[in-house]
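Here is the structure we will look at, set down as structure tokens.
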Amino acid sequence: MGGNDWKGSVSRLRRMRLHGAERHRQGKTDLDWSSSSPERPDESALSRTLLLPYLANTARLRQVPDQRLFPATLMPDSDWWQALWPNPTAVLRAVGIGAGMGVVDLCCGNGYFTAPMCELVYPGETWALDLDADLLGQATWTCRDQPNFHAVLGDARDLPRLVRNKMDFVFIANTFHGVPNKLDLSRAVYASLKPGGRFAIVNWHRRPREETPVLDQPRGPDTVLRMAPEDVCRVVEPAGFELSAVFDVGPYHYGAVFRRAESI
């Protein structure tokens with residue numbers, strides 16, 4: 001595929017994903033993503049291995065030792081996701097994210113919260129971390145005009161190794177319920193925060209799935225995976241956190257904000 005041929009189909013690009021990954025490992029590429037290219041690819045067509053190495057604001061890709069995704073945390077269709085979250089900036093403000101902060105959007109998905117996060121914290125910095133590099137590629141494209149955006153491919157439980165800077169805030173939305181070892185993840189977040197730093201978890205309320213419809217269909221994780229705020233506290237506080245606040249951030253979600261204690 002030539003450097004200026006961006007009119008191929010989405011399926012064609014995705015079939016090239018494994019081939020592109022191998023060529024990137026060998027230090028080879030047929031792609032020219034320079035500013036002279038007359039047309040950039042459609043966002044929905046971007047494959048992680050074709051996109052990430054060529055964007056100026058993207059941290060260098062790291063090999064991920066564990067390629068397993070967290071259960072029941074796949075990125076939903078954009079139509080009902082936007083209907084559920086019409087104002088992501090308001091959610092970020094509600095949990096306490098503001099200008100000048102260093103923040104991590106943990107398990108960022110396609111960057112739905114990341115892009116407004118970049119704008120909200122500027123001139124602070126935003127790190128977007130995800131294990132699924134297809135989604136991270138979409139987040140990178142979504143945030144391509146944000147000078148304070150950094151993408152990191154990796155497991156959220158490796159956060160202290162992947163993002164060496166100490167953070168003011170770590171944010172995770174709609175994913176915590178599927179983390180296999182939530183205490184380990186909480187400890188990783190603790191190690192990544194400055195003293196007094198905060199950890200915000202946005203979760204589905206523990207209600208039956210059929211009671212959380214969006215656009216006339218049940219949405220969200222299976223009922224058995226959902227967590228009440230007290231369930232979250234039981235696994236986060238032993239990592240060294242103190243609960244600061246719990247409040248609703250939508251019709252079916254709550255935000256639980258924890259503060260990093262001075263010592264465990």
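Here are the numbers for the structure shown:
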{"read-out": "Residue list for region 185-199, filter: among the aromatic types (Phe, Trp, Tyr) and under 17 Å from the mean Cα position of the chain (by Cα)", "value": "Phe199"}
{"read-out": "Top-ranked residue in region 210-223 [being of a type outside the set (Val, Ile, Thr) and surrounded by fewer than 17 Cβ atoms within 10 Å (Cβ to Cβ); ranked as nearest to the chain's Cα centre (by Cα)]", "value": "Asp222"}
{"read-out": "Scan of region 91-139 for residues that are assigned to a loop (DSSP other than H, G, I, E, B), of a type in the set (Phe, Trp, Tyr) and in contact (Cβ under 8 Å) with a residue 40 or more places away in the chain, ordered by number", "value": "Phe113"}
{"read-out": "Filter pass, Asn181 being among the polar types (S, T, N, Q), surrounded by 18 or more Cβ atoms within 10 Å (Cβ to Cβ) and modelled with pLDDT under 95", "value": "no"}
{"read-out": "Top-ranked residue in region 162-178 [being over 12 Å from the mean Cα position of the chain (by Cα) and farther than 16 Å from Ala128 by Cβ; ranked as surrounded by the most Cβ atoms within 10 Å (Cβ to Cβ)]", "value": "His177"}
{"read-out": "Selection count, region 77-110, where residues are buried (at least 23 other Cβ atoms within 10 Å of the Cβ), modelled with pLDDT under 95, on the phi < 0 side of the Ramachandran plot and in contact with a strand residue (DSSP E or B) (Cβ under 8 Å, 6 or more places away or on another chain)", "value": "0"}
{"read-out": "Region 228-242, residues that are buried (at least 17 other Cβ atoms within 10 Å of the Cβ), over 11 Å from Tyr190 (Cβ atoms) and of a type in the set (A, V, I, L, M)", "value": "Val232, Val235"}
{"read-out": "Restricting region 154-192 to residues that are touching a Lys or Arg at 6+ places or on another chain (Cβ under 6 Å) and among the aliphatic types (A, V, I, L, M), the residue that is farthest from Cys233 (Cα to Cα)", "value": "Ala188"}
{"read-out": "Residue list for region 93-108, filter: closer than 9 Å to Glu125 by Cα and hydrophobic (A, V, I, L, M, F, W, C)", "value": "Met101, Val103, Val104"}
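Per-residue answers, yes or no, for (1) modelled with pLDDT of 95 or more; (2) in contact with a Pro (Cβ under 6 Å, 6 or more places away or on another chain); (3) over 27 Å from Gly102 (Cβ atoms); (4) β-branched (Val, Ile, Thr):
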position	(1), (2), (3), (4)
Pro160	yes, no, no, no
Phe169	yes, no, no, no
Arg187	yes, no, no, no
Lys194	yes, no, no, no
Pro208	yes, no, yes, no
Leu215	no, no, yes, no
Arg226	yes, no, yes, no
Ser244	yes, no, no, no
Gly255	yes, no, no, no
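The values are calculated or read from the model by the stated rules, or taken from the named source; none is laboratory data. Everything quoted here is computed from the prediction, not taken from an experiment. Backbone-built Cβ (ideal geometry, glycine too); neighbour counts: all protein chains shown.
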